[in-house]
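Just below is one structure, and these are the notes that go with it.
Computed from the coordinates by the stated procedures, all read-outs in this text should not be read as laboratory data. Note that the coordinates shown come from a computational prediction; the quantities given were computed from them, not determined experimentally. Here Cβ is always computed from backbone atoms with ideal geometry, including for glycine, and neighbour counts include all displayed protein chains.
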Amino acid sequence: MSGKPFSISLSRRKALGLIAVTAGGGAFLPAAAIAAQSSAYAGLTLFQSGAGVCAITPEVTEGPFYFDAKLERADVTEGKKGVALTVRLQVVDAACRPLAGVRVDIWHCDARGAYSGYPGQGDGRDVDTSGQTFLRGWQKTDASGIVSFATIYPGWYHGRTTHIHFKVFPNDNSVMTGQLFFPDSLSEQIFTAVAPYNDRPGKRDTSNASDGIARHAGPLSQAALREVEDAYQALMIVAVQSG
C-alpha cells in the first residue's frame, strides 16, 4: 500500500527520542504506553473513555483543493508512496457524546506536496493532477463516532505547514471544516531522511508556529501520534455543534 516507510536511516525509535509528549501540542507515543498514558491531550483519553466535556474544535479554511470526490472508502492511498499513516477521528458533541452515522471527508497532499485533481502545483507550478483522486475519501462514523483512514504521512508545499484537511457533516444542514496538524520534529525527520519526501530540491519553509492557519486552529487541532507496527497512527477528537 505505502511501501517500506522505515527502510532507510530514519528509525521510529530515533524519531521517538526527538519528540516530547506535550499537553495539547501533539504527542508521539509507543503503542505499549498508550493504555497507561494520562495525557492532558483529550484526543487520547476520549477514545478510551468517552467522558468529560469537549471544547468545540476550531474551524479553519478548507483551502483551494477541496472537491466532493464521492469516494466512500477507508484506504485513500491509491498507490501513493510514503510513510504509512492511519488517521482516526472521533466525532463527538460538546458533551463528548459520540455522533454515529456522520459523514467525514479527508484530503491532503502527497509526499511531494501535490493534491489530486488540480493543475499548476509543485515547486515549479508544473504539476497537473487533474482527473486524479488520490489521498481523498469519506466515510461515516461508527457507533463510537470513529472513522479510520489508511493513508500516508502528508508532505509539504510552500507557505503551509504539514496538515490534513477534513470536513464533518453533523446533519444535512451543517458542515464543520478543519485541519489536523503534526509535530514539526517528526515532519522534519521524515522530510529529510525518507524517500520520496526527500526527493525534491526545496526545503520546507513553514512550521506550525509560522503557519497562520495552524496558529488560529490552536492545540485542539494538533494530532496525537503513536507508533503502531510499520506505521504511525494519528488520533484527534473533533467536537462539533450537533444541533
message: Based on this model, can you work out whether residue 138 counts as surrounded by 21 or more Cβ atoms within 10 Å (Cβ to Cβ), of a type in the set (Phe, Trp, Tyr) and over 28 Å from residue 195 (Cβ atoms)?
response: yes
- prompt: Within the set of pairs 6+ apart or on separate chains, which have a first residue in region 163-180 that is free of Cβ contacts under 8 Å to residues at least 60 places away in the same chain, a second that is part of a strand (DSSP E or B) and buried (at least 17 other Cβ atoms within 10 Å of the Cβ), and C-beta atoms under 6 Å apart?
  reply: 163/179; 163/181; 175/167; 175/169
task: Taking residue 186 as meeting all but one of (1) more than 12 Å from residue 108 (Cβ to Cβ); (2) surrounded by fewer than 21 Cβ atoms within 10 Å (Cβ to Cβ), write down the number of the exception.
output: (2)
